[in-house]
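Values in this text are rule-based calculations from the coordinates and carry no lab data. Everything quoted here is computed from the prediction, not taken from an experiment. Cβ: placed from backbone, ideal geometry, glycine included. Neighbour counts: every protein chain shown.
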Amino acid sequence: MKLRSSLFCSLMVLVKLCCCLEVGAQEDPSQISRTSCANWMSGSPGVPGHNGLPGRDGRDGKDGEKGEKGDEGKAGPKGDTGSLGAPGPAGHQGLPGIAGLPGEKGESASIYRSAFSVGLTTRVPHPNVPIKFTKIFYNEQNHYDATTGKFRPTVSGVYYFAYHITVYVADVKVSLYKNDKAVVITYDQYQKNNVDQASGSVLLHMEAGDEVWLQVYGEEENNGIYADNVNDSTFMGFLLYPDLDNRH
């Protein structure tokens, strides 16, 4: 029974094949059509296969054309202060500036002047009293009084005083007084048959109205102060600088 079925199937296949060949020969004798037979012989579609592996990256393309300039970005934060650079070369000297306005007129310096220079004309008669120097060399401000032998300034400040005494016949002890107080005392011992000199100087602060003078200090035996036509005994003083209060 099985053999008969197989023969029957084989016979049917041969019949179909002959039909196909006959039809193909009628359409194109030089070529036998395979389409009909293929359609007749094709089976049902198979199951789709698995996805294949990804292919390799392609080559880089050519650079495109340059685009248009973009908008300017926002300014970034301020940076730290840099180190101080080296000094540059000195520039050329500029032109002289315009002269300033005249200043205010200052006070006359004459109000701060005070000076005197005087000398003896005869021997001093008595000790312990102001010596009256009656030979006037300079006393423009009249701060020295020849009738009393005292210097009395009207300007407060620092003064310089000096004296040079000729010594003859006896020893000399002379003192510079300020307001009844001996400030400087000078002693010179007389050398027999010889003319000698005694001198002294001092800086004093004087208030307006203070008094300064010279006098023989001690007894009569120390009164060897001498003066004549060729030998002078002198006394002088002048203001070095006034107090600042005088300038206001």
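Neighbour counts of other Cβ atoms within 10 Å put Val212, Val169 in the fewest-to-most order Val169, Val212.
Residues whose amide H falls under 5 Å from that of Glu211, counting only those 5 or more places apart or on a different chain, are Asn179, with hydrogens built in the peptide plane. The simple spin-label model puts a point 7 Å past each Cα toward its Cβ; for Asn231 and Arg56 those points are separated by 13.7 nm. By the rule of a C-alpha distance below 26 Å, with chain neighbours fewer than 8 residues away ignored, no lysines are paired with Lys105. Charges on Cβ only, +1 for Lys and Arg, -1 for Asp and Glu, centred on the Cα centroid of the range 59-207; of Pro127, Ile165, Pro77, which one is farthest towards the dipole's positive end? Value: Pro127.
Give the residues of the range 183-207 whose amide nitrogen is closer than 19 Å to a point set 7 Å from the Cα of Thr148 in the direction of its Cβ. Taking a point 7 Å out along Cα→Cβ of Thr148, the residues of the range 183-207 whose backbone N falls under 19 Å are 183, 205-207. A simple spin-label model places the labels of Lys105 and Val169 5.6 nm from each other, with each point 7 Å out along Cα-to-Cβ.
Order of Ile98, Ile111 from fewest to most other C-beta atoms within 10 Å? Show your work: numbers first, answer last.
Working: Ile98 6, Ile111 13.
In increasing order of surrounding Cβ atoms, one gets Ile98, Ile111.
Taking the average, over residues, of other Cβ atoms within 10 Å as the packing measure, peptides 195-202, 72-79, 238-245 rank 195-202, 238-245, 72-79 from highest down. A Cβ-based charge dipole, computed about the Cα centre of the range 104-244 with Lys and Arg at +1 and Asp and Glu at -1, lands at about 140 debye.
Considering the range 44-177, its Cα convex hull presents a mean projected area of 34.0 nm². With Rh defined as the Kirkwood radius, the inverse of the mean 1/r over Cα pairs, the Rg/Rh of the range 114-242 is 0.96. Pairs of lysine in the range 114-242 with Cα under 22 Å and at least 8 positions apart or on different chains: total? Eligible lysine pairs with Cα atoms under 22 Å apart amount to 12.
What does the C-alpha gyration tensor say about the overall shape of the range 71-148? Classify as rounded when a/c is under 1.5, otherwise prolate if a/b is larger than b/c, or oblate.
Numbers: a/c = 5.13, a/b = 3.98, b/c = 1.29.
Prolate is the answer for the range 71-148, as a/c is 1.5 or above and a/b outweighs b/c.
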